[in-house]
Structure formats: C-alpha cells, structure tokens
Amino acid sequence: MTDLLSLQGLTKAYPGVVANDDVSFTIAEGEIHALLGENGAGKSTLVKMIYGLVKPDSGAMQLFGAPYAPPEPRAARTSGVAMVFQHFSLFEALTVAENVGLGMEDAPPMGQLSREIREVSHAYGLPLDPRRLVGDLSAGERQRVEIVRCLLQDPKLLIMDEPTSVLTPQEVEILFATLNKLKAEGTSILYISHKLEEIRALCDGATVLRRGKVVGSCDPREKSAAELAELMVGEALTPPERAPAAHGEVVLHVAGLTSEHVDAFGTKLQNVGFEIRAGEILGIGGVAGNGQDELLSALSGETIGPEETVRIRGEAVGHLPPNARRLRGMLTAPEERLGHAAAPDMSLTENGILSGWQRQDLTRAGFLRRGAARTFAEEIIEAFDVRTPGPHVAARALSGGNLQKFVIGREILQQPDILVVNQPTWGVDAAAAAAIRQALLDLASKGAAVLVISQDLDELMEVSDNFAALNAGHLSAPRPARGLTMEQIGLMLGGAHDMDVADPAEAHHIKEIYEEGHS
Amino acid sequence: MASFRLEKRPTPSQAWTWATPVLAVLLTMVAGGLMFAALGKNPFLAIKTIFYDPVLGEFAFYYRGQLLVKAGPLILIAIGLAMGFKAGIWNIGAEGQYIMGAIFGAGVGLAFYPTEAWYIFPLMVIAGAVGGLLWAMIPAILKVRFQTNEILVSLLLVYVAEQFLAAMSLGLLRNPEATGFPGSRNLQQFPAASNPELWAGTGIHFGVVAALIAVIFAYILLSRHLMGFHIQLAGQSPKAARFGGVNPTALVVFCMGLSGALAGLAGMFEVTGPAGQISINFNAGYGFTAIIVAFLGRLHPIGILLAGLLMALTYIGGEAAQATMQLPAAAIQAFQGMLLFFLLGVDVLSNYRIRLNREAAA
C-alpha cells in the first residue's frame, strides 16, 4: 500500500497549552487508521489541521506525496479530504436533500441530487429518504446524512470524529459494514474514538496521542483493550468496584409520566414509569434525543406535571419546583454542563451556590454566606480532583471533563437520597470517567437511589443493577443488567418501538449483502 | 504581516472592568477636543468648560446644585432598570412609569389641598411608587401571561402615559385658580406636599437622598443577597437559572415592579421639587437617559452613581459651553454620543485581550 497522507512534525500551540507537539504519522491508501487519545490529548486540533480549519504553527503534510496545506475546509474537500463531525451541522427544518445540497460546493439540481442520495445511500447500506425532514430523523439517520454528504464528493480520506457515540449497537454494525466497504474500494479512513473494542474490531493501524504528543503507534488487532488503555492514559486503570448491598425500600417512584417536549424537535415522554430502591442504580440507555432531556427535566422539577407522577418515598412531588425537590433529597445533574448545569461566566463558588445553597446552608436570612460557599466549592475541587487554579475561576474556563467532575461532585457532596444524572461521563477522559463512575457506585452503596441516563452502554453495564431503554419517549420495563447481551440491549433500544432506528433484520441483511460481495 | 486579533479571556479582567470607563472619558476628551478644534473653538477651553467649570469654576456654586438635581432622578431610575437588565428583563418604559409616579404622587397631594399635615408627603411618596409600579405591571403581566415582548409594551405605554399627562394637566389636576392655563397647582407653594432643597445651594432634595439609598440597597442586594444572585443568574444563563430553582414569573414581576416603583418615585420627587407642578411637558426624558446611565455604569450600582453624575455633568457643562462659547447644541450632543460610543467600544477589553498576530510565512 502507498501512503495517502503523511504528517511530519505538526505543532500547534494555543496560549498556555501545546495542543499538538511534533506529531508525525502516515495513513496508507485503503487503511482505517485510528487516532486514539483521552479528551484534551489533541485529537480534535490534529484533525482540524488536516481538514483546514486550523493552521499548524510548524510542520508539513503530504497528500499523495504532494505538499498539502489547506487554507480552509473547502480546499481540503477539493483535495479529497472529507470529515464527519461528532456534532452534526444540519438544519432540522430542511429535508435531507436540501441539507446535503447546502453542504456541497456545486450542488446538482434537486431532482438529480435526490436520485444520487438514494443511490449512494443504498449502495453503502445507509438507506435514506431524501424527502424527509431532518428534524424527524433519529441520531443514527442524521449521521447517515452527514456521511452521504461526504460520499457524494468521492473522498480519498474520510475523517470520522467519535462516530458511534450516538448509535445503537445495530447501527454501529451497519456503520462498520459501510466503512469496510469504503476501505475495500481504496478510501482511507481516519477514525477518532476512545472506544477501544471498536478500534480493535475495525482499524488496521493506530496512533496514540497523549498531551499533544505521539506516544505510540501499533496494530490495534494485536493489542488488548487494556494495553491500549494504558498506552492512552499512561497508567493502568482500575475498573470500578462496588460492595454488594441489599436494596432497601422504594425511594423514587415514577408512574404515568407524559410530558410535552422541551424544544420543537424534542421528544414527548409517553407514559414513562419505573421505581428505584435505596442502594440501587438504574441505568437508562438510548440514543440521545429519545426523551432523555425531557425525563431529566421532569425529575428535576424544571418541568412540572400532575403531582402523582413523581413520588419521593411515597410523597407526591410531581407538581413541585426544583428547590422543593432538592429539599426532599432528590438532586439532578443535567447533560449540558455549560449553560444548564453551570452558568458559564460565574465562578465555581457561585456555581456551587446555584444548586447547593439550600442543602449546604449557604444563606442566612436570604443573605449569601460567601465564605461557606467558597469552602463548599473547594471541597468539590478537592474531592473530585477538579483541575483549576481555584474556586474564583469562571466555569467556562474549565475543560469539559473538569467541569463535569465539578458538576457531578457538587450534587454528590450534598449527600442526596436520590441522584439523577444525564450523560455523566460524556466527553470526559478515561481516568476521570472511572472516578465519576466509582463515585456513583459509592453513593449507591451508602444507600442512595441512583438513576444514570447514558448513551454509553459499556458504562451502563458497568454501574447498573437494572437496565431500561428509552426510545422515542417510551421506557422499556427495567431488567436486571447482569447477563444482558448486546443483542438483547439492542432490541430494547431500537427494535421494540420505532422502525426508524435501525432494526436488527435490516442490519443483518446489510451485513449479509456485504459479506456475499466481499468474501 | 502583522495584524490584530481579539482573544477571549478565560475570566473577565477585573482591572479592565474599572479602567475602561476612565479610558473612555479620556478618549472622548481627545476626539471631542479634535471636533471642537475643527469647529474653530479652543478645545482645551471647551473641555474645561464642560468638565471643570461646573464643579470647581467661578460660577460652580450655581452649577453644583444643578448637578445633583439632574443626577438624582437619573440614578434612581437607572438603579431600577439595571436590576431588570441584569436579569434579561428589558423595561424601556421608565419614562412612562416616571410620569405615572408624578401624577399619582401629585394627585394624592392635591387631594388634600389645602390641609397641612405631616402624613401627606409620606402618602405621596407611597402613591408615587405605586403609580410607577402599577404602570410597569402592565407589560410584566402581559409578558408572564401571554409572552408579549416587554420592550415593545413598556415603550408604547410611554406614549399612553404622555397622553394621560396632557389630559390630567388640562382636566382633573388643572389648577382651578389659573384661569385656563394648563398645569396643576404649584406644589412648592403647598408646604405639606413639597419636596424642598434640604440644604440651600446643594441641590439635595429627598429624591437625591432616595437615589443614594437605592444605590446602597441595590449594591447589597446584588452582591450579598440570594435574590441578587438569582437576578444575575437569570440574565447570564436562563436555563441554569431554571435548574437552580429561579421562578421566571416571579423574577419578571419583581424586576419590572422594582424598576417601575423607583421610576415612579423619581417622578414624584421631581414634580414636588424641582418641577413644582404637573404640566403637559413635565417629563424631560430622564426615563430614557437613565437607560444610557445604567449601561454607562455597566449595571453596577456604584458605576451607576458615577455615570449619573458624569451624565449630569455633560448636560450642565454642555449647556454652559453653549452659552459661554457659542458651541452649537449638536456638537454637545455629538460629544455625549462619543462618550457612549467609546465606552461600549473599549468595553471589549474586559472580556477580550488584543494580540498582535504575526502570520507565519505560508
């Protein structure tokens, strides 16, 4: 195989941090190359340089042996480099075809474009109806739109940033089939992920970044996941442990919860019900956008409803606002850290007051006890290893992972009887994620009821006693997490209610077609 | 090739937050001086006439009193507005609430005419605050119940209040002894209902005292009290405020009510003091100028105190410069405009830093 892209000594510094330091590696034609690293290791900066969004301070790149220095993404696309971002840039109120057309340099007429979308999407096993509104699509289907948009431009190198974070297991299978097909046709793929098992299953080569530097490259098929993790983190990780404990009485009881959507393309909760006992962790899985935000909002009290829908130790609280629920021992941590769980421009001390002023006794006759508030913030920083100069720093100055530790720590240190967290380790590096999961397990073993809403199935399997799936606003009946297979989870997540999310038959069908064609 | 780039500071710079207003005043003096020079006037004399003479010049004894008379209502109204602005609630109709406060206050006083009793003035103070508050409740309740835009409703109600003022001047509150002239009795000649200068020559009346109390009250509320914390939280991050348990409805009612009541008080103190009577053209734009004062003082109570004094100074100094140097009124207005322009312009420095950018040879 010949080299498609080679990087030599790429360096990029931002004030106070060297994002990439002398990074060199090569991607061969038809190779699926993994870029591995924790959050903040410099993966995003590196691919932004390849895609022309960021200019390197020094170093050089060659594409097909010729010097390559794209001044902007358009130049990168013209050279055959395409990218699928982790966060989609789609207009929900427009159709699939219109969205694809908007992202193209010289889009063909709409009729022809629709035909091409249909052909390409079917050829690669990613069926899409070009006439549908993007707002009505599942996260997996939205990703297909982004991928098809790239494929229509016939790329030589496809960059994919954390593509499976929003997919069900079946959808992951479909995606991998597509990527393997592209590889067989000679397209190279730069695959960014921190999911080690995926990388071992999919990739031919891997480059590991830590603190901006290349710390190793290997063939991931020859390494174990633990070895890769050690390479990535620089130390051996201890998986979370928990002391087995008998579950107590029912603490949180939810029944008949039906809510309006939070925003225009949000999802309505449909008659959601479950209960959690003291000491139990219930994991709710599902692809984002299936009612997770609505569920958290209904539990936190940001949206209120009939009083009987939510009960804390038998007391009906469905009609009570957030502070009244906090006083009764139920605390929540929303998914969106900046702007929801924390106010970006306020200091950590003030963000501690935000949800902690009642239970931590941070006011006296309505006046703030600044000293006590600072102490509370310092306790969180200390206990959860939040890396920051001090509690006076504005929340927006913290990295995502550090702020997440602060937000989760803020709720846990208030010693809740019930804790509800949404995506507790989203965008958090492996070491911090392990610490957060351990903290959740510790909280439960002290007798709290914990509800973990997450897209990360490995995480849910690691911490949950019981598992339920949220799909299109419906919650499946909780089942014991131990012994559940990925197949069963996939059925709970995707197959049960909604045909738009990939159904397993379709996945198998596509897999068969692919295997027939290439074996 | 070198170029400039703005880089967001991780945490807003405290030093620049306080230095930018000073820098803005200095830049205004330089640019204004150039403008005065272009008009053929001595720029140094003009700047001195505007900024120095009213405070320390030969005739300062006259101007100094004027300074507080003008600054008092500006500060009182701006303090109330700033509370709402901090919470993201935009009361633009302080002028109307100011008018309604004056009418309510004067109306209660005139109802007692000619009784002399100690309780009349306190009742008028309460009536003035209630008048402004009720007028502000119209946009507040419409916003809470029907999601109307408080900016439009409060602004349009200014013009309704002006019509009401004219009707009152010509009708119900007209001085029955004035043989047909519009306007109410002169409250300065009704001791139980008047708001006199407390110390001769200082310009200090009850309204100025109220403004100072409002500054202290607002400072404590914003920096020490949970309510002030929630106000700032709601303005910076509405979703985080909801999560933090802030009730948006209560906040709208509180902020609109407070700003309306303070504007009403300002109107009431003005009509019983410096203005003396309800008349068709009683209002002089304090309610609108106070919006500028609130932002000039960057919504901080102490900043508003200083900004109110500075704004009053440019008005009085500007009038003096028109009278003694024959500077055109438009030049003075342009000068005041420059002040706001530079203030907002250099404001960027407290959140961003300037970096010199040297492009690597491509």
Over the range A:250-503: Rg over Rh, Cα atoms, Kirkwood Rh: 0.96
Principal-axis tilt of helix A:370-383 within chain A, Cα atoms, nearest 10 degrees: 50 degrees
Against the longest principal axis of chain A, how steep is helix A:110-123, in degrees 0 to 90 to the nearest 10, with axes from Cα atoms? 80 degrees
With DSSP loop assignment and no more than 13 other C-beta atoms within 10 Å, the GluC sites (Glu not before Pro) in the range B:255-362 are B:Glu359
Take peptide A:55-63, look around each residue's Cβ out to 10 angstrom, count Cβ atoms belonging to other protein chains, and average those counts. 1
Which number do you get for Rg(Cα) / (2.2 N^0.38 Å) in chain A? 1.00
Taking +1 at the Cβ of each Lys and Arg and -1 at the Cβ of each Asp and Glu, which of B:Met268, A:Gln8, A:Pro127 sits farthest along the dipole of the protein assembly as shown towards its positive end, judged by Cα position relative to the Cα centre? B:Met268
Order these peptides, B:71-79, B:247-255, by their mean beta-carbon neighbour count within 10 angstrom, highest first. B:71-79, B:247-255
What list of ³J(HN,Hα) values in whole Hz, one per residue of the range A:439-453 in order, does the Karplus curve 6.51 cos²θ - 1.76 cosθ + 1.60 (θ = phi - 60°) give from phi, with Gly and Pro shown as x? 5, 5, 5, 4, 4, 5, 5, 7, x, 8, 8, 10, 10, 10, 9
Could you list, in their original order, any pairs among A:Lys446/B:Lys8; B:Lys41/B:Lys70; A:Lys183/B:Lys8; A:Lys12/A:Lys183 whose Cα atoms are separated by more than 32 Å? A:Lys446/B:Lys8; A:Lys183/B:Lys8
Residues with amide H under 5 Å of A:Thr332's amide H, sequence separation 5 or more or different chain, H placed in the peptide plane at 1.01 Å from N; which? A:Val420
When DSSP assigns beta bridges and you keep just the ones with both residues in the protein assembly as shown, what percent turn out antiparallel, to the nearest 5? 55 percent
What is the range B:122-165 by shape, rounded, prolate or oblate, if you read a ≥ b ≥ c off the alpha carbon gyration tensor as root eigenvalues and call it rounded for a/c under 1.5, prolate for a/b larger than b/c, and oblate otherwise? oblate
Against the 2.2 N^0.38 Å scaling, with N counting residues, where does the protein assembly as shown land? I'd like the Cα-based Rg ratio to two decimal places. 1.15
3J(HN,Hα) from dihedral phi, the range B:341-351, Karplus parametrisation 6.51/-1.76/1.60, rounded to Hz, x for glycine, proline: 4, 5, 4, 5, x, 7, 4, 4, 5, 6, 9
Chain B, helix-only ellipticity at 222 nm - DSSP H runs n ≥ 4, -39,500 (n - 2.57), divided by all residues, nearest 500: -23000 deg cm²/dmol
Debye, to nearest 20: dipole size of the range A:133-209, +1 on Lys, Arg Cβ, -1 on Asp, Glu Cβ: 160 debye
Quick calc, the range A:358-443, dipole around Cα centre from Cβ unit charges on Lys, Arg (+) and Asp, Glu (-), nearest 20 debye, gives 360 debye
Förster radius 60 Å - calculated FRET efficiency between B:Val348 and A:Arg132, Cβ distance, rounded to 0.05: 0.85
Projecting the Cα atoms of A:Ser44, A:Phe25, A:Cys150 onto the charge dipole of the range A:3-233, where Lys and Arg contribute +1 and Asp and Glu -1 at Cβ, the residue farthest towards the positive end is A:Ser44
Additional length obtainable on full extension of the chain from A:Asp154 to A:Phe64, 0.36 nm per residue less Cα span: 30.8 nm
Can you give me the orientation-averaged projected area of the convex hull built on the Cα atoms of the range A:38-102, in nm²? 5.9 nm²
Check A:Leu252: other-chain or 5+ apart residues with amide H under 5 Å from its amide H, H built from backbone geometry? A:Ile276, A:Arg313
Principal-axis tilt of helix A:169-184 within chain A, Cα atoms, nearest 10 degrees: 20 degrees
What does the charge dipole of the range A:3-233 about its Cα centre add up to, to the nearest 20 debye, if the Cβ of each Lys and Arg holds +1 and the Cβ of each Asp and Glu holds -1? 280 debye
Select from A:Gly490, A:Gln414, A:Val250 the residue farthest towards the positive end of the dipole of the range A:250-503; place +1 on Cβ of Lys and Arg, -1 on Cβ of Asp and Glu, and compute about the Cα centre. A:Gln414
Global form of chain B, assessed from the alpha-carbon gyration tensor, a/c cut-off 1.5: oblate
Quick numbers on the range A:3-233, Rg and Dmax over C-alpha atoms in Å, give 17.4, 51
For A:450-456, what's the mean count of beta carbons from other chains sitting within 10 Å of each residue's beta carbon? 0
With a Förster distance of 56 angstrom and the Cβ-Cβ distance between A:Arg115 and B:Gln333, calculated FRET efficiency to the nearest 0.05 equals 0.35
Per residue of B:234-241, what is the mean number of Cβ atoms on other protein chains within 10 angstrom of that residue's Cβ? 6
For the range A:335-345, 3J(HN,Hα) per residue [Karplus equation, 6.51 cos²θ - 1.76 cosθ + 1.60, θ = phi - 60°, Hz, x = Gly/Pro]: 5, 6, 6, 7, x, 10, 6, 9, 8, x, 8
What distance in nm separates the two pseudo spin-label positions at A:Leu94 and A:Thr375, each 7 Å out from Cα along the beta-carbon direction? 5.6 nm
Which of the GluC sites (Glu not before Pro) across the range A:53-121 are loop residues per DSSP, with 13 or fewer other Cβ within 10 Å? A:Glu105
On each of the three principal axes of the Cα atoms of the range B:1-148, give max minus min coordinate, whole Å, ordered largest first. 71, 49, 29
Amide H contacts of A:Ala469 (H built 1.01 Å from N, under 5 Å, at least 5 apart or other chain): A:Gly285, A:Ser476
Rounded to whole angstrom, the alpha-carbon centroid of the range A:113-171 lies from that of the range A:392-427 at a distance of 33 Å
In chain A, what percentage of the DSSP-assigned beta bridges are antiparallel, given to the nearest 5? 50 percent
With a cap of 16 neighbouring Cβ atoms within 10 Å, and only residues DSSP puts in a loop, list the chymotrypsin sites (Phe, Trp or Tyr not before Pro) found in the range B:40-101. B:Phe59
Where A meets B: accessible area buried, both sides, 1.4 Å probe, Å²: 2400 Å²
Under a point spin-label approximation (7 Å from Cα along Cα-to-Cβ), what is the B:Ile213-B:Lys8 distance to one decimal in nm? 4.3 nm
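The values are calculated or read from the model by the stated rules, or taken from the named source; none is laboratory data. Quantities reported herein were computed from a predicted structural model and do not represent experimental measurements. A quick note on method: Cβ atoms are made from the backbone with ideal geometry, for glycine too, and the neighbour counts reach across all protein chains shown. Ligands, DNA and RNA are excluded from the accessible area calculation, which covers all protein heavy atoms including side chains. Shrake-Rupley method; radii C 1.70, N 1.55, O 1.52, S 1.80 Å.
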